[in-house]
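Notes to accompany the following structure.
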Amino acid sequence: MNVLGIETSCDETGVAVYSTETGLVADALHSQVDLHAVYGGVVPEIASRDHIRRLLPLVQQVLDEAGIEKPDAIAYTAGPGLVGALMVGSGLANGLGLAWDCPVVPVHHMEGHLLAPMLEPEPPSFPFVALLVSGGHSMLVQVDGIGRYHLLGDSVDDAVGEAFDKTAKMLGLPYPGGPQLTPLA
């Protein structure tokens with residue numbers, strides 16, 4: 001089974017084809033860092049509009065690389081994330097699902113991160129502890145199995161990446177902040 005994955009939760013447009021028999025077949029990623037650098041952080045409306053421009057060509061690119069005309073199923077990031085950006089991915093996923101007559105599966109953004117290590121050639125065994133640092137989320141989670149999670153701790157405010165961006169901005173350093181602050185640490 002070939003699954004088309006679509007990720008548009010924030011400032012990167014990610015598309016991939018994953019085979020349940022052979023693993024990752026094709027993938028493409030477009031980063032919006034240069035678009036948002038001018039503003040010192042992600043501007044949701046700019047992110048959404050760029051996803052609209054980039055998403056369909058990336059879908060065609062990965063389908064071509066995978067050598068398939070259409071997938072057997074589509075999975076997309078349903079949230080959390082930037083509302084407009086998520087709507088772009090959801091709209092395209094559901095539209096393609098109707099056109100191709102295939103199932104469409106919404107995926108929880110944080111659960112996707114938690115289970116991503118299971119795609120590795122040597123995945124961890126359950127239980128394991130995961131540190132999520134994604135957008136406005138920083139969480140330490142015990143993963144006991146698929147759908148079985150225990151939150152060990154989380155941040156009160158922004159995620160670590162956003163804290164780096166804000167600190168860099170206060171210091172007059174360019175966006176994104178992490179790569180700018182790391183050599184200074």
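Some observations on this one:
- The length gained by stretching the chain between GLU65 and MET118 to full extension, at 0.36 nm per residue less their Cα-Cα distance, is 16.8 nm.
- Dipole in debye (nearest 20) - the range 69-151, about Cα centre, beta carbon charges: Lys, Arg +1; Asp, Glu -1: 240
- Length added when fully stretched, SER31-MET87, from 0.36 nm per residue minus Cα-Cα: 18.4 nm
- Each Lys and Arg adds +1 at its Cβ and each Asp and Glu adds -1 at its Cβ; summed about the Cα centre, the chain shows a dipole of about 360 debye.
- On Cα atoms only, tilt of 160-170 relative to the major axis of the chain in degrees: 40
- A simple spin-label model places pseudo-atoms 7 Å from Cα toward Cβ; at ASP144 and SER19 they are separated by 3.7 nm.
- Listed residues VAL107, GLY161, ALA73: farthest to the positive end of the dipole of the chain (Cβ charges): GLY161
- Estimated 222 nm signal from helices in the chain, with DSSP H stretches of n ≥ 4 weighted -39500 (n - 2.57), rounded to 500: -11500 deg cm²/dmol
- Taken one residue at a time, the phi angles of the range 34-50 give Karplus couplings (6.51, -1.76, 1.60, θ = phi - 60°) of 5, 5, 8, 4, 4, 9, x, x, 6, 9, x, 5, 5, 4, 4, 5, 5 Hz. Gly and Pro are set to x.
- Rolling a 1.4 angstrom probe over the chain with all protein chains present gives an accessible area of which 60% lies on carbon and sulfur atoms.
- Heavy atoms of the protein chains alone define the surface here; on that basis the chain has 56 Å² accessible area per residue at 1.4 Å probe size.
- Its Cα centre serving as origin, the range 44-117 has a Cβ charge dipole (Lys and Arg +1, Asp and Glu -1) of approximately 220 debye.
- Most to least packed among 49-62, 96-109 [average Cβ atoms within 10 Å]: 49-62, 96-109
- Think of the chain as a dipole: +1 on every Lys or Arg Cβ, -1 on every Asp or Glu Cβ, centred on the Cα centre; then among ILE146, GLY95, ALA116, GLY95 lies furthest on the positive end.
- The long axis of helix 83-100 is offset from the longest Cα principal axis of the chain by roughly 10 degrees.
The values are calculated or read from the model by the stated rules, or taken from the named source; none is laboratory data. Please read these numbers as outputs of a predicted model, since none were measured by experiment. Cβ coordinates were reconstructed from backbone atoms using ideal geometry, including for glycine residues, and neighbour counts include every protein chain displayed. Side chains included, ligands, DNA and RNA excluded: accessible areas come from the protein's heavy atoms. Shrake-Rupley method; radii C 1.70, N 1.55, O 1.52, S 1.80 Å.
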